[in-house]
Amino acid sequence: MVYRCEEVLLSYNKFNETKDQWDSIAGHTQKGIGFLEQYGHFVKERCQIELDYARGLRRLVKTYLPKKKECEDPQFTSVKAFRDAVSETADLAGQHEVISENLTTVVLAEIASLIKEMKEDRKKHLADGGRVQQQLSQSLQQLEKSKKNYEKAFREAEKAQENFLKADADLHLSRAEVEKQRMNASIKSQQCEDSKNEYANQLQKTNQLQGDHYNTVMPGIFQGLQDLDEKRINNFKNLLKKSVDIERAVFPIINKCLDGIVSAADSIDEKFDSQLVIERYKSGFTPPGDIPFDDLSTPRQNGDSTPTSHPPIRQDTIKGTISASKLKKRGGIFGIFGSNKEDFSDLPPNQRKKRIQQRIDDVTTKLHQETAAKDGLLKMKEVYEGNPSLGDPMSITGQLSDSCQRIEKLRTELQRYQAMLDDVDGDGIGGGGAASGGPSTPNASLARHHSNVMSPHHHHNGGASPRSSVTSHRTSLSDESLSRPESGIGLSHNSLPGSDTYDQPDTGEDENGEFYDTEPLPIIGTCRAIYIFEGTSEGSMSMAEGEELNVIELDQGDGWTRVRRMSEFEEGFVPTSYIEMSLYNNC
């Protein structure tokens, strides 16, 4: 009996020990699900990083992709390679977006589904385990209770039997009292036997339940939890592989993009780019001739035997000689001719010819397109006239009229550009090309005149004069362009006395909205005319050979110098190569 009681107690302690491990296993499965959720957060943040990186690349591409205007210019191989590299970078951004999208739709979706499934299965297994453990616990408690009842009944039966034996041996007690003790011992013995049977039955049930619990039920539940945990681990392994496969899937395209960047780099040709720069900025001017020797020992024709010093022409800018606040700005290197962007007269001859030819090609293309559209409208009109059910022929009339007007406008524009091109060819660019074309600036024209044609005593008022070259270059400019502020002539505050632009207030405003001083320019040196010059254009000034003049503004690179007569307040521009200058030392 004592052995059985110890066995029951040992089984109960074993159950408690297993119960502790059950709690540990339940905690482990919960940690496994938490680990899977943590991996899901990692993948989600990884997707966001890939997406942010792709957006950053696209912003970078948008910032550095050449604008449409730049793409219209002749492309250098380096610029084209950079544009291709930027485009490939945009494709790289797209691949990172693919990685983010696939990780979201595949990996994250599977993680969410797996977590949901694991939580449901774990909840079911824990509920089953809790139920069978509760059943076993109740059975053990019932067994303990029946065992205590049996022990109590057994002690009472033993005591009743001892009292009966004592009473039966005592000769002083009556027979009735002895019979009473015998009946009591018999009742307690029967109660003990009933408790014993109840305990035996409960012990049998408990042992059966405990055997099933430890040999069948709980192992099955533990096996379910084990399968659940192994499933989590295996799916985690597969998800890691899928993440790698998703990233590897875009490697061929990424490598192709990188190969495209390498190919773009290999396409760069520095010699071609250098030649393209030469072709773009080749002016067509011929170099000036040799500077003639000035023999100071030869007497002057005007009777003045005093030699005039002929120092080299100073290259000072306006800022180096005159305060910028006292002079209205001149309009660029060809400011003497004004600024007329319509006929490209402010460009060198070779560049002007290229730009005009480009416009001719553009207008010709548009003319062909418009002509084809007109032909289509005419055919449509014929179809409508043949079958009025298809449409009203009069509905095409308005479109045909607009098309004819556009064609006429394009033809007029084409003729105008063709006339410009003929004018450039007439100046010597068309026949001999850019390299052999005649000079189209006063400086270049006069320099060639010095070395090839003219003598110091020849008068330049005929057809071969340098001024005629200047005038022919300006024939394409309108009077309006010559009187614009940016020409530096028509609206200058130093225009001739009595002109419309001379009688102005003491202050004025230039084209940039800045105020300037209308005080006459200071004299910075003197000059002598070595040739006759007829100033027939607005802003220019005539001079006689040998005439002494005051210099008030140096040549700014356009071949013209501003001078003022000594005898009267008359000033204007004269060709720089027509004069000899002597500047003051402080200038």
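The figures follow:
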item	result
Entries of LYS123/LYS241; LYS166/LYS196; LYS271/LYS353; LYS152/LYS188; LYS80/LYS353 with Cα pairs more than 18 Å apart	LYS123/LYS241; LYS166/LYS196; LYS271/LYS353; LYS80/LYS353
GLN223-ARG248 FRET efficiency (beta carbon distance; Förster radius 45 Å; 0.05 resolution)	0.75
Solvent-accessible area per residue for the stretch 234-279 (1.4 angstrom probe, square angstrom)	68
Two-site FRET efficiency, SER389 against GLN415, from Cβ-Cβ distance with R₀ of 41 Å, rounded to 0.05	0.45
Sequence ranges 242-252, 346-356, 78-88, 46-56, ranked by mean other-Cβ count within 10 angstrom, highest first	346-356, 78-88, 46-56, 242-252
Peptides ranked, highest mean first, by Cβ atoms within 10 Å: ranges 546-557, 134-145	546-557, 134-145
Average accessible surface area per residue within the stretch 103-213, 1.4 Å rolling probe, Å²	65
Relative packing of 200-212, 168-180, 392-404, which averages over residues the other C-beta atoms within 10 Å, highest first	200-212, 392-404, 168-180
Accessible-area composition of the stretch 85-238, carbon plus sulfur, in percent [1.4 Å probe]	49
Linear extension gain, LEU173 paired with LEU378, 0.36 nm per residue minus alpha-carbon span	58.7 nm
5 angstrom amide H check on GLY572, placed H, neighbours 5+ away	VAL563
Pairwise label distance in nanometres, GLU230 with VAL262, each label 7 Å out on the Cα-Cβ vector	4.7
Computed FRET value (nearest 0.05) for GLN405 with ILE278, which takes r as the C-beta separation and R₀ as 41 Å	0.45
Low-density loop positions, chymotrypsin sites (Phe, Trp or Tyr not before Pro), the stretch 112-172 - DSSP coil, at most 16 other Cβ in 10 Å	none
Mean separation of Cα contacts under 8 Å, 6 or more apart, over the residue count of the stretch 50-164: relative contact order %	31
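The values are calculated or read from the model by the stated rules, or taken from the named source; none is laboratory data. This structure is a prediction, so every number in the text was calculated from the model and none was measured. We place every Cβ from the backbone using ideal geometry, glycine too, and count neighbours over all the protein chains shown. Note: accessible area is taken over every heavy atom of the protein model, side chains too, but ligands, DNA and RNA are not part of it. Shrake-Rupley method; radii C 1.70, N 1.55, O 1.52, S 1.80 Å.
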